[in-house]
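Below is one structure; the comments refer to it alone.
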Amino acid sequence: MRRLLTVFILAIMVSGVASAAGKRSRVANHPPRYLPNSFDGAIVQVENPVDGRFWSAWSYRNGGEYDLALSVRTAPGIWSEPTLIGLDDGLNQRQPAMALDSRGAMYVAYADGTGAIRLIVLQPGGNQWSIPVTVASGEGGLSSPSLMVAGSALIVGYRDGAGVTLRAVPLLSPNPVNELRAIYDGPDPITGFADDDNDDDSPSAEDSDVFNTTSGSGVSVRPVGGGTPPDGD
């Protein structure tokens, strides 16, 4: 387990380079609302082998702010109108990362304008994203989230200043989305590992924490309109 997470830390450290490369390249199969040569952020995509749907997430320039856009392809060339997370909240939702668990539940983490790392999830085959929950927050601002499923946990990695921090979050249970268990800042996060010969693929109980349930979608949905993005960032 620790050896695997050490590799994950290294992946986070180079994610900035990969993200920049992805922004320069053109994605052959992306939603028509994604504008790679405009002010939109780099797109991330993943295919769900459980239900066959293909998801895209990116930071969409919406007037004076960035919103997290999520679009799904249900058939070749057929994309949904994007769901916007953070619509008109005055904050910038950026740097999305995506992951799937073995059941086909979808996880998307992103950084927002408050310096926090937030997470939304989608049940297998579902269409309603959970309300965003805060994985971590810091005065200096957290950024560049990455996700990895390890055993019964979702490992959320992110940059914290000059370092990298990891948090273990329980995977989504098979309950309806309005029974999603949220995450709170409990014990100290995982900040580093000493490799040993006693690897364990299951996170320990002290690595993850949850609290009360949440309800409602908390997500604004509307078609992404046209128009030319304003100059500037």
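The values are calculated or read from the model by the stated rules, or taken from the named source; none is laboratory data. In this text, all values refer to a predicted model and were calculated from it rather than measured experimentally. For neighbour counting, all protein chains shown are included, and Cβ atoms are generated from backbone atoms with ideal geometry for every residue, glycine included.
The number of residues in the range 30-76 being under 17 Å from residue 89 (Cα atoms) and outside any strand (DSSP E or B) comes to 2. Considering 136, 150, 105, the condition of being touching a residue at least 40 places away in the same chain (Cβ under 8 Å), over 27 Å from residue 90 (Cα atoms) and out of contact with any Pro (no Cβ under 6 Å at 6 or more places or on another chain) is satisfied by 150 alone.
Look through the range 120-142, keep the residues that are surrounded by fewer than 18 Cβ atoms within 10 Å (Cβ to Cβ) and part of a strand (DSSP E or B), and return whichever of them is modelled with the lowest pLDDT. Out of the qualifying residues, it is 137. In contact with a Phe, Trp or Tyr (Cβ under 8 Å, 6 or more places away or on another chain) and without any contact (Cβ under 8 Å) to a residue 60 or more places away in the chain: does that describe residue 80? Spelling it out, it is not the case that residue 80 is in contact with a Phe, Trp or Tyr (Cβ under 8 Å, 6 or more places away or on another chain) and without any contact (Cβ under 8 Å) to a residue 60 or more places away in the chain.
Only one of the listed residues (97, 116) is crowded, with 18+ Cβ neighbours inside 10 Å, aliphatic (A, V, I, L, M) and under 20 Å from residue 152 (Cα atoms). That residue is 97.
When the range 82-119 is limited to residues that are of a type in the set (A, V, I, L, M, F, W, C) and part of a loop (DSSP other than H, G, I, E, B), the one that is farthest from residue 69 (Cα to Cα) turns out to be 105.
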